Amino acid sequence: MRFIDFGSLNFDHVYRLSHLVRKGETIAAASYQRNEGGKGFNQAVALAKAGQQVHFAGAIGPDGTALKVYLEKLGIHTECLMSVDIPTGHAVIQVDDDGDNSIVLYGGANRSITREMIEGVLDRFEQGDVLLMQNEISGGAIILEEAARRGLRIVLNPSPMAPEIMSWPLEYVEWFILNEVEAGDMTGEEEPHKMLDALLRTYPHSHFVLTMGEAGAICASDGRRIYQPAIRTTAVDSTAAGDTFTGYFLYAMLNGKTLQEAIRLAACAASITVSRPGAAVSIPVMEELEKKWTIQK
């Protein structure tokens, strides 16, 4: 079984501010950093730092070599990373003193994915391999269709949520990993358990992990619901917390952990990520998790 993350790569331009900029306001930044990021990129990094072998598929422009180098240093396979003549995607990220953020995203090369590119990537994989995808690249519906046709197991993080996702063939998704905003948009519900009830009615053969920030997370699978409280920490920057959770949860599930163990490991990993600045760079390695895992047990 092989694991492929088909997703986005961005350069993150991160500005530290006392508060998020309001309409019509100009504010001086306390600091600036350019980091490697993108939801697909971050989730691949989390999987690799956990110890999972990962193949990454996506697109970068002529300015994106540093992203490829970063992945390869972590041992992530980049034979499916494609180069196009469009600038690499980037994000402008504000982070305030409470660790909250707001993000403006430019898709760039991430939005240049075509059916031909998708088929070329997925032809390298076979039945039983695992595909992880998000919604920061073009061709999402085609990726789902082609992955299902080849018998791949599909994990979807429907982020950022957009109306077109509801027209995708979501019945092919084995695992949904989503937050309250995404689940609310998909169901029209406001209470977490009602969200899960609605999702399970619509996709009865799927499994769900619903993340709720400081309120923790709920896993709904095979008639069971497992609740995991958030691990308390001092928040510095929440940028890659959800991506860290996704990567570590999938690593644990793929390596024989129980649902309770997987969701707790993911929560511990996310708590480390939010305690320090940056996106991919803030994601912990498994050695750090093993120390926190022992403490939190």
Just to confirm the filter: which trypsin sites (Lys or Arg not before Pro) across the range 31-126 are DSSP coil and have at most 16 other Cβ within 10 angstrom of their Cβ? Arg124
Using a 10 Å cut-off around each Cβ, can you sort Ser8, Ser238 from fewest to most neighbouring Cβ atoms? Ser238, Ser8
Expressed in nm to one decimal, what extension gain is obtained for the pair Ser167 and Val104 from 0.36 nm per residue of sequence separation less their Cα-Cα distance? 20.2 nm
Roughly how many Å is it from the Cα centre of the range 169-206 to that of the range 210-255, as a whole number? 16
Would you mind calculating the gained length between Asp96 and Met1 on full extension (0.36 nm times residue separation, minus the Cα-Cα distance), in nm to one decimal? 30.1 nm
State the Cα centre-to-centre distance between the range 91-121 and the range 14-73 in whole Å. 9
Could you compute the FRET efficiency for Thr258 and Arg22, with r as their C-beta to C-beta distance and R0 at 35 Å, rounded to 0.05? 0.15
Phi-derived 3J(HN,Hα) across the range 92-101 with the Karplus relation (6.51, -1.76, 1.60, θ = phi - 60°), rounded Hz, x for Gly and Pro, is 9, 10, 9, 10, 9, 5, 8, x, 7, 9
So what is the calculated 222 nm ellipticity per residue for the chain, using -39500 (n - 2.57) for each DSSP H run with n of 4 or more, over all residues, to the nearest 500 deg cm²/dmol? -10000 deg cm²/dmol
Within the range 1-80, list the chymotrypsin sites (Phe, Trp or Tyr not before Pro) lying in a DSSP loop whose Cβ has at most 12 other Cβ atoms in a 10 Å radius. none
Return Met286, Met1 ranked ascending by Cβ neighbour count within 10 Å, so the fewest neighbours appear first. Met1, Met286
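The numbers here are math on the coordinates, done by the rules we state, and not lab data. Only a predicted model underlies this, so the values are computations on that prediction, with no experimental measurement involved. Every residue, glycine as well, gets a Cβ built from its backbone with ideal geometry; the counts of neighbours run over all protein chains shown.
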